[in-house]
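Encoded as structure tokens, the structure appears first; notes follow it.
Values quoted throughout were computed directly from the atomic coordinates according to the rules given, and no laboratory measurement underlies them. Since we're looking at a predicted model, the values are computed, not measured. With ideal geometry, Cβ positions are generated from the backbone for all residues, glycine too; neighbour counts draw on all protein chains shown.
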């Protein structure tokens, strides 16, 4: 496509293009990822990259690529890839981590206080190259002498992709992945390796990586007794039926007081009614609709 | 939280409200004028009413040019703004600018900007939410959201030290402001807002929103409007459009009393996409922040 039309729409000086809104709604309906008005420019840039590939000059035509043309499924995945590219980094969502520490963990600890075993199980489902579980490992370590004193923590990280898992286990990251890391965390938990940073063993050893296909019903049933499940920007690639099955597994895998965290601006609307959306300070999460089974904890 | 008895000395200070800033002179007649059926309204008359207050007119124009109010091409006259945005939208803007000028610039160490960001944010969320659930009067919902916390103005002006103590408790413990107010003062901004709403002669439904949005209101004939504000207020407080501090808690909107009250009037609420509304609300934050700073700091 030519640069000019995208540039002029990029400025968003007029009302948002109705075809861009249709693409926004399609992405939300299919993948559950919502682009609010302030992020429409970003969506437009991502569409622009795909349109260039396809030599398409208008959003209307591109919308047809996503909905009518025989290759629409492939194109949708290509657009979703553009949308999620670069999403993986350490401390991707600080509000989510703040909500975890300020509200969620205290509530889980309170719910489990009556049980003798002080153990938390956290699952990063679709961990990609490992930034998410390592971030969790670091913030958990920070709380080891405070909130989580005397608790044993298990962080399980799974992904389908062997190469991503190998990268995660190697734990060496460039500047893009580490762009949100504060000096404090860089100095305390990382070792410089050439131009990159490697996660220190204390953080690495707290995470167990394994290969898992979220569509593998048999293996999913083994991921029992989770307190927290993080599954960010993974479900977007599943069709509705598969998504429902995965979510049902998460439901079964979570303890009654457990929480499911999705990516920022990612929603389960119309996918599953067994989870309730809850609002935390600056973040949202999903909890089981019936949380009254606290006395039947299977630890 | 059990509220302590209201101290008589505080009550006597509240009885004398003459130091509270009054609603700008132009707004009361404008509000009354806009209560008429839309087909009877005259653009020129509204332009003339707002133009009486030059500073207000300038602020209205600034706000009218914000994407928050749906304006995508610059307007440089009040009349142009009214024609472009519609009379309802301009009255929303005039009210917003009017109330933003009310609070003291600094009240015993508390910067009131966050309260106005919260109020303007709540107004926008109320209007957006009202449209999404086919609530019959989104314009009223906007006003209700904008004005729901006017009791805070009274507290800032009349009880600054006590209010600051309450604010600090709320901020430090991460609890809702009205709970901290109740524990320190024996009442909260709904009670003081009630005084001010009466003084400003707000309509009965707005008075009910101001005075009852943190208490039981199922018996109110305006329960749906109060519920709408209660939910929008909560959503804003759990996001970056809060009172200037984070409430450390978990909220399930379906458990709120307002949810049942509102569902009775808007059945579509049962299948409402709360996640999407939350994401949409996120997009207001930067614009609300810069607008409030631009207008309030003048």
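Write down the Kirkwood hydrodynamic radius of region B:24-101, to one decimal in angstroms, obtained as one divided by the mean of 1/r over all alpha carbon pairs. Before the final figure, lay out each step's value.
Working: mean 1/r = 0.0817 Å⁻¹.
One decimal place: 12.2 Å for the Kirkwood radius.
How far apart, in nm, are two points set 7 Å out from the Cα along the Cα-to-Cβ line at residue B:216 and at residue B:76?
Distance between the two pseudo-spin positions: 5.9 nm.
Taking R0 as 30 Å, what FRET efficiency do you get between residue B:198 and residue B:36 from their Cβ-Cβ distance, rounded to the nearest 0.05?
My answer for the efficiency is 0.85.
Taking other Cβ within 10 Å of each residue's Cβ, how do A:160, A:268 sort, fewest first?
Details: A:160 15, A:268 22.
Fewest-to-most Cβ neighbours within 10 Å comes out as A:160, A:268.
Average partner chain C-beta neighbours within 10 Å, per residue of B:243-249? Provide the component values of the computation, followed by the final result.
On the way: counts 0, 0, 1, 8, 5, 8, 7.
Average per residue, whole number: 4.
Mind jotting down the distance between the C-alpha centroids of region B:32-51 and region B:113-161, whole Å?
Centre-to-centre (Cα) distance: 23 Å.
Between B:264, B:180, B:141, find the one with the highest GNM mean-square fluctuation for chain B; connect C-alpha pairs within less than 10 Å.
Fluctuation is largest for B:264.
Kirkwood Rh, Cα Rg: Rg to Rh for chain B? Don't skip to the end; give the middle numbers.
Numbers: Rg = 18.4 Å, Rh = 19.5 Å.
Rounded to two decimals, Rg/Rh equals 0.95.
Test of understanding: extend the Cα→C-beta vector of residue A:241 to 7 Å, then name every residue of region A:21-64 with backbone N under 18 Å from that spot.
What the label zone holds, given the 18 Å backbone N cut-off, is A:30-31.
Fewest to most neighbouring Cβ within 10 Å: what's the order for B:148, B:289, A:65?
B:289, A:65, B:148
Could you work out the helix-only [θ] at 222 nm for chain A, with each DSSP H run of four or more residues adding -39,500 (n - 2.57) and the total divided by the number of residues, to the nearest 500 deg cm²/dmol?
Working: 13 runs with 123 residues, N = 299.
That comes out to -12000 deg cm²/dmol.
What would the Debye equation give as log₁₀ I(q)/I(0) for region A:143-247 at q = 0.12, 0.17, 0.20, 0.22 Å⁻¹, counting only Cα atoms as equal point scatterers?
Per q value, in the given order, log10 I(q)/I(0) is -0.56, -1.02, -1.22, -1.30.
Just to confirm my numbers, what's the Cα centroid distance between region B:202-217 and region B:184-198 in Å?
A separation of 11 Å, based on Cα centres.
For chain A, set up a GNM with springs between Cα atoms under 10 Å and report which of A:178, A:84, A:56 has the largest fluctuation.
Evaluated over chain A, the most mobile residue of the options is A:56.
In a Debye calculation with equal point scatterers on the alpha-carbon sites of region B:73-163 and no solvent, what is log10 I(q)/I(0) at q = 0.16, 0.21, 0.22, 0.26 Å⁻¹?
Cα-only, vacuum Debye calculation for region B:73-163: -0.72, -1.00, -1.04, -1.22.
For chain B, what does the helix formula give at 222 nm: sum of -39500 (n - 2.57) over DSSP H segments with n ≥ 4, over the residue count, nearest 500 deg cm²/dmol?
So the calculated ellipticity at 222 nm is -18500 deg cm²/dmol.
With 10 angstrom as the radius, rank B:126, B:190 by how many other C-beta atoms surround their C-beta, starting from the fewest. Write down the numbers at each step before the final one.
Values: B:126 29, B:190 21.
Ordered by Cβ neighbours within 10 Å, fewest first: B:190, B:126.
Using a cut-off of under 12 Å, list every residue of region A:260-277 whose amide N is near the label point 7 Å from the Cα of residue A:39 along the Cα-to-beta-carbon line.
Flagged as within label range: A:263-267.
D for the protein assembly as shown, whole µm²/s, Stokes-Einstein with Kirkwood Rh over alpha-carbon pairs at 25 °C and 0.890 mPa s: what number?
Working: Rh = 26.3 Å.
Taking Rh from Cα pairs, D becomes 93 µm²/s.
Quickly work out the residue B:51-to-residue B:252 label distance, labels modelled 7 Å from Cα along the C-beta direction, and quote it in nm with one decimal.
Taking the simple label geometry, residue B:252 and residue B:51 are separated by 5.6 nm.
By how many degrees, 0 to 90 and rounded to 10, does the Cα axis of helix A:240-253 deviate from the longest principal axis of chain A?
10
GNM, chain B, Cα, under 10 Å: largest mean-square fluctuation among B:173, B:59, B:36?
B:36
Can you work out the FRET efficiency for the pair residue A:194 and residue A:169, with r the C-beta to C-beta distance and R0 = 25 Å, to the nearest 0.05? Present the calculation step by step, with values, prior to reporting the outcome.
Values: r = 18 Å, r/R0 = 0.74.
Computed FRET efficiency for residue A:194 and residue A:169 comes out at 0.85.
Using the Kirkwood radius built from alpha carbon pairs, what does the Stokes-Einstein equation give as D for region A:94-294 at 25 °C and 0.890 mPa s, in µm² per second?
Values: Rh = 17.5 Å.
The Stokes-Einstein estimate is 140 µm²/s.
Using alpha carbon centroids, what distance separates region B:230-282 and region A:29-77, in Å?
Distance between centres, Cα-based: 31 Å.
If R0 is 25 Å, what FRET efficiency do you get for residue A:141 and residue A:94 from their C-beta distance, rounded to 0.05? Walk me through the numbers on the way to the answer.
Working: r = 17 Å, r/R0 = 0.68.
With R0 = 25 Å, the Cβ-Cβ based efficiency is 0.90.
I'd like to know how region B:93-214 sits against the 2.2 N^0.38 Å rule of thumb: what's its Cα Rg over that expected value?
On the way: Rg = 14.2 Å, N = 122, 2.2 N^0.38 = 13.7 Å.
Compared with the compact-globule rule of thumb, region B:93-214 sits at 1.04.
Work out the mean other chain Cβ neighbour count within 10 Å for the residues of A:92-101 and drop it here as an integer. All intermediate terms of the calculation are to be shown ahead of the outcome.
Working: counts 0, 0, 0, 3, 0, 0, 2, 4, 0, 1.
Counting Cβ atoms of other protein chains within 10 Å of each residue's Cβ and averaging gives 1.
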